[in-house]
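The values are calculated or read from the model by the stated rules, or taken from the named source; none is laboratory data. Note that the structure is a prediction, hence the values are computed from the model and not measured. Every residue, glycine as well, gets a Cβ built from its backbone with ideal geometry; the counts of neighbours run over all protein chains shown.
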Amino acid sequence: MMPIKRYMSEEGSLLLSTFHLLLFISFLILSVTGVVYNQLMQLQQISQSYEAKALIEVSESMLKDRLVWEDVETATLYFSQGHVEILKETDAEYSLVAYLNNRYTSRQRFIVEPDPTLEEILIIQGDPDPADVPLADENSSTGGTGESSGGVEEKETLTGNE
């Protein structure tokens with residue numbers, strides 16, 4: 001058997017290609033880790049945003065119900081996820097600020113639209129429309145008045161040779 005000759009240029013080639021492969025794999029792992037981290041942060045921010053929005057919506061509903069009875073200047077509503085501060089800015093405009101327990105803050109303006117009250121509604125009662133008043137039928141042999149009730153028509157029954 002003949003001994004295998006090795007040249008000087010081939011002795012470290014396997015080590016260099018392995019080093020490049022490890023460098024590429026570590027870069028790939030760091031890139032995937034960075035993408036996953038950013039996705040988790042975005043998911044956490046979206047979750048906090050929805051929690052704050054839910055608190056503001058509940059507070060807005062409670063404020064609408066409360067404004068029926070009394071005028072609210074300032075208020076603080078406490079929830080298990082945080083609290084909402086309500087501040088009256090003008091006669092019809094309120095500012096609602098939600099503070100979550102993890103220090104996330106969200107702000108929304110709320111404009112109260114006045115509901116019509118009984119004083120604003122005017123009902124005019126007058127004579128009924130003459131076209132709606134039923135007339136007595138003169139040709140009826142059944143003795144009925146020919147009135148219809150509730151949109152149901154009564155049919156006449158004629159007897160004899162009329």
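Going by the structure shown, is VAL97 at pLDDT 90 or above, touching a strand residue (DSSP E or B) at 6+ places or on another chain (Cβ under 6 Å) and among the aliphatic types (A, V, I, L, M)? Criteria met by VAL97. In region 74-97, of all residues being over 15 Å from ALA54 (Cα atoms) and not in a strand (DSSP E or B), the one that is nearest to the chain's Cα centre (by Cα) corresponds to ALA92.
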